[in-house]
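The structure under discussion appears below in the form of structure tokens.
The values are calculated or read from the model by the stated rules, or taken from the named source; none is laboratory data. From a predicted model like this one, the values you see are computed outputs, not experimental measurements. Here the Cβ positions follow ideal geometry from the backbone for every residue, glycine too, while neighbour counts run over all protein chains shown.
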Amino acid sequence: MNETLKTIATRYSCRSFTDQPLGEKELSAIAQAAIQAPSGMNRQGWQVIVVKDNSLIREMEAEGMKILSLMEDKSLYEHIMARGGKLFYNAPCLIILAIREASLEGAEWMDCGIVAQNVALAATSLGIANVHCGFATMAFTGDKAEEFKHRLKFPQGYKCGIGILLGYATETGSPHVPNQEKITVIE
Ligand SMILES: Cc1cc2nc3c(=O)[nH]c(=O)nc-3n(C[C@H](O)[C@H](O)[C@H](O)COP(=O)(O)O)c2cc1C
């Protein structure tokens, strides 16, 4: 296996981070990997927002938990509570991918996913644990949505695509076991 394939095979979703902050060099390399992503028609309809402000991260987490707790369907909230009640797992850094509506409906999500995986793989290659965090979008769905967009400097007309939590793992983990039945070969 070459280094790229090893990075892909060892990336896993980390759900417990130490307090140790990330270095500037590492964060810069990860941000560069993010904006290296391809996008349909090279539209680059994303903004890579690197949030290092711990109190802001915790505020977004608290808002997300509040919104989940108030939902009629309590299953997501209970899922998080069963995992320890933390949406962001103590991560010292959160990358938010803000996205612009694309003219081809849904294309912005495809572009966003590719950036997100570039972030995850770049981080993994640098020994930085990470997890894609769809729940990070929760903070942008309630009363504080506009405030958070403002504080995170979202460009006009952008919405939250996804978050990626980054940091150092408290313990090593492993990715899911790939299901070989998910591959179809037509000969
Ligand atoms: C789009 C997307 C959103 C996700 N959102 C969350 C999340 O909010 N919280 C979380 O703990 N894991 C989240 N995950 C991680 C998945 O649960 C994880 O990738 C999956 O269980 C496979 O495990 P692995 O990444 O360790 O291989 C997300 C993954 C993806 C791709």
Fill in: Positions within the range 11-23 being more than 10 Å from the ligand (Cβ to nearest atom) and either touching a helix residue (DSSP H, G or I) at 6+ places or on another chain (Cβ under 9 Å) or touching a residue at least 12 places away in the same chain (Cβ under 8 Å) (or both), in sequence order
Ser16, Phe17, Thr18, Asp19, Gln20, Pro21, Leu22
Discussion item. Residues to consider are Ala29, Ala34; find the one that is out of contact with any Phe, Trp or Tyr (no Cβ under 7 Å at 6 or more places or on another chain), in a helix (DSSP H, G or I) and over 26 Å from Gly106 (Cβ atoms).
Written reply: Ala29
Item to complete: Filter the range 154-187 for residues that are away from the ligand (no atom under 16 Å from the Cβ), surrounded by fewer than 18 Cβ atoms within 10 Å (Cβ to Cβ) and under 17 Å from the mean Cα position of the chain (by Cα) and give the result.
Response: Tyr168
Practice prompt. Find the residue count for the range 83-97, including only residues that are at pLDDT below 95 and away from the ligand (no atom under 12 Å from the Cβ).
Written response: 1
Worksheet item: What are the residues in the range 81-91 that are over 15 Å from Thr137 (Cα atoms) and either surrounded by fewer than 20 Cβ atoms within 10 Å (Cβ to Cβ) or among the charged types (D, E, K, R) (or both), if any?
Response: Met81, Ala82, Arg83, Gly84, Gly85, Asn90
Worksheet item: Hey, any hits in the range 124-139 for a residue that's away from the ligand (no atom under 15 Å from the Cβ), touching a Lys or Arg at 6+ places or on another chain (Cβ under 8 Å), modelled with pLDDT of 95 or more and closer than 24 Å to Leu27 by Cα?
Response: no
Worksheet item: Out of Arg58, Arg100, which single residue is away from the ligand (no atom under 14 Å from the Cβ), among the basic types (Lys, Arg), surrounded by 15 or more Cβ atoms within 10 Å (Cβ to Cβ) and on the phi < 0 side of the Ramachandran plot?
Response: Arg100
Worksheet item: So which of Ile49, Ile67 ends up being surrounded by 16 or more Cβ atoms within 10 Å (Cβ to Cβ), within 16 Å of the chain's Cα centre (by Cα) and closer than 16 Å to Cys133 by Cβ?
Response: Ile49
